[in-house]
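Below: one structure, written as structure tokens.
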Amino acid sequence: MKDFQEELKELRKIIGGKRAFIDTSGVLLFKDFLSKMEQWNKAAGFKENWLNLICYQHDLLNIVALIEPSLLKNVISLNDFRESDLQKDDTFNLYGARSLDAGLIHALFCWDLFKDNPLFDKFKHLPSPYDPIKTFYIRGHHVYKSDPHTITIDSLLSVKKQTAF
């Protein structure tokens, strides 16, 4: 069973304790991610308005789960991943129910594991959905909370749930 603990340690090592507080790049990176996810969701035929659902259903952040959930049978579930992080720190919040961090990081790790699977060949024309999220965390950003209307980045800056810039 792939539990992503090594990947989590590596991400923390790369971040090196950086913490962004007031930096609009976090908002721009997150909006870039939302835009790319919108493209992927449309291409995959996901009919529901996933943007309004992600604050409640963090598994919708995972392209692998949306397109080919059977690939995840030997991967730690999002709920178990959320509970597996015993190193509660200020880098990101995997254990907070209102935070998207766990869903985003789990989805990023799943994507890195399966992006070269032939099942995704028909989506090669689409941009990599998680590059902005990886940069987002490496620069020290985090998702403070999410609710039906906004997502708060770095405890201060709100992102309206829209993909248009």
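Nothing in this text is a laboratory measurement; each read-out follows from the coordinates by a stated rule. This structure is a prediction, so every number in the text was calculated from the model and none was measured. Neighbour counts run over all protein chains shown; Cβ positions are idealised from the backbone, glycine included.
Net charge around Lys42, counting only other residues with Cβ within less than 15 Å of its Cβ (Lys, Arg = +1; Asp, Glu = -1)?
Net of charged neighbours comes to +1.
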*Sum up the charges of everything whose Cβ sits under 13 Å from the Cβ of Ser128, counting Lys and Arg as +1 and Asp and Glu as -1, but leave Ser128 out.*
0
*Of Lys31/Lys134; Lys9/Lys134; Lys13/Lys36; Lys2/Lys115; Lys36/Lys134; Lys36/Lys122, which sit over 19 Å apart, Cα to Cα?*
Lys13/Lys36
*Under-5 Å amide H pairs with His141, H placed in peptide plane, nonlocal only*: Ala20
_Charge sum, other residues only, whose C-beta stays under 14 Å from Asp32's C-beta, Lys/Arg counted +1 and Asp/Glu -1_ = +2
_Fewest-first sequence of His141, His106, His125 by Cβ atoms within 10 Å of each Cβ_ = His125, His141, His106
*Would you mind checking which residues have amide H under 5 Å from Val75's amide H? H placed 1.01 Å from N; only 5 or more apart, or other chain.*
Lys2
*What FRET efficiency, computed as 1/(1 + (r/R0)^6) with R0 = 41 Å and r the Cβ-Cβ distance, is obtained for Glu48 and Lys9, rounded to the nearest 0.05?*
0.75
